[in-house]
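Below you'll find the structure, written out as structure tokens, and then a few comments.
What follows is calculated from the coordinates using simple rules that are stated; it is not laboratory data. Small disclaimer: the values here were computed from a predicted structure and weren't measured. Heads up, the Cβs are rebuilt from the backbone with ideal geometry, glycines too, and the neighbour counts pull from every protein chain shown.
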Amino acid sequence: MNIFVHRDDLRIHDNRGLTAASNSDKTVPVYVDDPRVRGVTGRNKRAFREEGLQKLRQKYEDRGSGLIVEKGKTREVLPELVDEFNAEEVFYARSYTPTRREIGREIQSLDVDTKSIGDRLLVEPAKLSQEYDTFSPFYREWKKTKKAAPAEGPGKLADVDSRTPEMNTEPTADIPEAGEDAALNRWVKFRRKKMSNYKDKRDDVANPEYVSKLSFYYSSGMIGRRKVLRDVKDMMNSESDSHARKNYAKYRNEIAWGEFFYQVLWHDPEAVTENYKDIPNEIEWRDDDEEFEAWKNGETGVPFVDAGMRQLVEAGYMHNRLRQNVASFLTKHLMTDWRRGARFFQRHLADHNVPSNNGGWQWSASTGTDSVPVRIFNPVTQGRKYDGEAEYIKRWIPELRELSASDIHNWVEMSQEERDSKDTGYPDPIINFNQRYHQGKQMFEKALNR
Ligand SMILES: Cc1cc2nc3c(=O)[nH]c(=O)nc-3n(C[C@H](O)[C@H](O)[C@H](O)COP(=O)(O)OP(=O)(O)OC[C@H]3O[C@@H](n4cnc5c(N)ncnc54)[C@H](O)[C@@H]3O)c2cc1C
């Protein structure tokens, strides 16, 4: 008998670890709800994961097996399960983040044979010829590196009764349905209807259907990445229009961004909490608590930023263009330490993923992998460019619904009298925009000795 330990791979299809275990012997599927992982997971992601576990259990039961979910520390729970099922070998998917690696080492030290299988990434960091600190060269090698085909299976599953503790985390946001079937449905719809426009339309923030919203499912491993990549390749190969092919290729490029950030943390685990870049001097963060509160509540008086923050809290998700803008605004204009923003994202995102969140924050804060030394987004011009009609802003900020798009985009630049005359109940900008742009820039330049 084997045990397969699910981690961030809550699916039975295209699951290389499960396939390897169940091809070699009858397999008992297990999930350990370890406090170290639970402790760094916000309610929305926890609720999404718990629903995913229920769906996974159903999948096993449909196949005459069951899922054993146990709460507790991996090093304490797993030896008991090994004894109970008289297991000869324990299989699990390799992971690349510090906490998961620590848990992986505990699995390896069990008194039975253990096997870690590469499943999470299409290209494992150790397969690359070097460490990459910028994306483009990473992507060149990533594209050329051979990738496994989707895994068949699962094979032989043990006839066990499911065992799941009470799992009733209530999400604070309106999150999507979890599970492998929901993931697949979403992928099929997106691939058929929208992917041929992905590159052209992904930044059209008012039309959220032009992005896949698969991040929920990738982050909890409810869809196999090999399957996705194979589908993308099939579409590219059967497409005669070169423009459409470029749109498909852009999707592959974004998938690789997620893998790039895993590679960063695998080489440099300290970057979870420390600046990734060597910055010669301390960054003298302003860290004003009132400004941070306003940012969290979507009440900074900068409509594009506030709309993003309200989407985060209400939907447990935010469009990528907005993630970049709110992160840049917090770190550059409000001069607040990126770690505070990253923690707030971690608490609310149902698609939270340590490498992408950390990588995205550090990129936006100019402490990470961006090759531009100090990049500062202007959320006013970004709003005009990517949400011209202010539809996205109006969706998330009801106070502004009666205003014209140009008034919304001019909000920061309008006079106080003009804002008062609109009588919206929406706040005035909490900072002097231009002054802060320069102060923020100076703060980074000083830290960088520029
Ligand atoms: C400050 C900040 C924090 C972020 N935090 C997270 C996070 O916790 N979890 C997370 O999955 N992504 C995070 N991202 C990356 C990105 O914003 C999301 O992956 C994307 O918005 C998810 O929406 P989607 O699935 O519709 O994306 P699509 O546009 O449909 O992209 C498809 C997939 O490609 C990957 N991807 C796309 N863009 C990026 C990117 N910039 N970096 C890494 N992977 C990418 C994701 O897996 C995504 O699901 C963050 C970005 C920033 C700037």
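In table form, for the structure just shown:
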| item | result |
| --- | --- |
| Rel. contact order, % - alpha carbon contacts under 8 angstrom, at least six apart, the range 2-120 | 35 |
| The chain: most fluctuating residue of PHE345, PHE261, PHE433 per GNM, C-alpha cutoff 10 Å | PHE433 |
| Residues in the range 288-329 that a label on GLU413 would reach, taking backbone N under 17 Å of a point 7 Å out along Cα→Cβ | 302-305 |
| The chain: angle of helix 135-144 to the longest principal axis, Cα-based, in degrees nearest 10 | 30 |
| Pairs of Cα atoms farther than 40 Å apart, the chain, % | 23 |
| Whole-number percent relative contact order across the chain, with pairs defined as alpha carbons under 8 Å at least 6 apart | 18 |
| Ranked packing of 140-148, 209-217, 357-365, 74-82, most packed first, by mean Cβ within 10 Å | 357-365, 209-217, 74-82, 140-148 |
| Calculated from backbone phi, Karplus (6.51, -1.76, 1.60) coupling profile of the range 405-418 in Hz, x at Gly/Pro | 4, 5, 4, 5, 6, 8, 3, 5, 8, 5, 6, 4, 4, 5 |
| Over 16 Å [Cα-Cα, the range 289-408], rounded percent | 57 |
| Around THR114: net Lys/Arg minus Asp/Glu count, Cβ-Cβ under 13 Å | -1 |
| At R0 = 30 Å, FRET efficiency that the Cβ-Cβ distance of SER162 and ARG230 yields, to 0.05 | 0.45 |
| Total formal charge among the other residues, if their Cβ is under 13 angstrom from that of ASP370, Lys/Arg +1 and Asp/Glu -1 | +2 |
| Cα centroid separation, the range 256-319 to the range 53-96 (Å) | 35 |
| Whole-number D in µm²/s for the range 71-153 (Stokes-Einstein; Kirkwood sum over Cα pairs; 10 °C, 1.306 mPa s) | 105 |
| Built amide H within the under 5 Å cut-off of ILE117, gap 5+ | TYR92, ALA93, ARG94 |
| Net +/- balance of residues flanking ARG310 in space, Cβ distance below 10 Å, scoring K and R +1, D and E -1 | -2 |
| The range 322-450: relative contact order as a whole-number percent, Cα under 8 Å and 6+ apart | 26 |
| Karplus-derived 3J(HN,Hα), 6.51/-1.76/1.60, for each residue of the range 169-175, Hz, glycine and proline x | 5, 8, x, 9, 10, 8, 9 |
| Distance from the range 164-189 to the range 331-374 (C-alpha centre basis), Å | 25 |
| Nearest 10 degrees, 0 to 90: helix 225-237 Cα axis against the chain principal axis | 70 |
